[in-house]
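Engineer: Let me give you the structure first, and then I'll get to my questions.
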Amino acid sequence: MIERVRAVLVTADDTMLVIRRTKPGIPVYWVLPGGGVEASDESWEAALHREIHEEIAGKADIVRLLHTMESEDERQLFYLARIATWSFEDRTGPEFSAEGRGEYALEEIPLTVERLDGIDLEPEEIAHVLRGAIGAGILRAEAAK
């Protein structure tokens with residue numbers, strides 16, 4: 001089974017970091033930072049820390065597991081995390097130089113349902129979970145402590 005970890009990265013300004021994906025022939029969509037768990041990762045959380053470092057040269061404090069999605073061949077774990085510093089220019093992930101992978105652009109969006117509805121966040125199931133969490137106020141920086 002393929003395992004992936006992703007982070008809902010909440011900043012001190014009550015924004016969330018997302019990655020806008022642009023691929024030839026496919027409508028633009030957004031994803032949360034993260035990626036595949038590797039055999040060398042000691043845990044899911046260790047994999048998430050590695051992915052955050054590779055993708056946005058950031059360090060995050062993982063608050064808790066927020067949501068799990070599972071199918072026959074894949075498990076995705078979505079964590080709520082706080083982040084204070086990052087540098088998209090200093091990213092090191094191998095996907096950024098892979099041929100045909102398209103463009104990756106880091107965006108910081110307000111934690112509002114209206115702003116979330118303004119992007120095509122994939123997968124739709126996590127977008128739905130985040131709408132509920134935003135409405136309940138559990139993603140705000142103060143609530144994420």
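Engineer: If residue 61 satisfies all but one of (1) over 17 Å from residue 13 (Cα atoms); (2) free of Cβ contacts under 8 Å to residues at least 24 places away in the same chain, what's the number of the condition it fails?
Structural biologist: Condition (1) is where residue 61 drops out.
Residues checked against (1) surrounded by 19 or more Cβ atoms within 10 Å (Cβ to Cβ); (2) within 19 Å of residue 122 (Cα to Cα):
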position	(1), (2)
24	no, yes
39	no, no
52	yes, yes
60	yes, no
63	no, no
70	no, yes
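Engineer: Just checking, does segment 76-92 include any residue being under 28 Å from residue 26 (Cα atoms), of a type in the set (Phe, Trp, Tyr), at pLDDT 95 or above and surrounded by 14 or more Cβ atoms within 10 Å (Cβ to Cβ)?
Structural biologist: yes
Engineer: Just give me the residues in segment 9-64 being assigned to a loop (DSSP other than H, G, I, E, B) and within 15 Å of residue 88 (Cβ to Cβ), in sequence order.
Structural biologist: 11, 32, 33, 57, 58
Engineer: List every residue pair whose Cβ atoms sit under 6 Å apart, with the two residues 6 or more apart in sequence or on different chains, where the first one lies in segment 12-41 and is of a type in the set (Gly, Ala, Ser) and the second, anywhere, is surrounded by 10 or more Cβ atoms within 10 Å (Cβ to Cβ) and not in a strand (DSSP E or B).
Structural biologist: 12/141; 34/51; 35/51
The values are calculated or read from the model by the stated rules, or taken from the named source; none is laboratory data. Just so it is clear, the model here is predicted, and its values are computed rather than measured. Glycine gets a Cβ as well: all are built from the backbone with ideal geometry, and neighbour counts include every protein chain shown.
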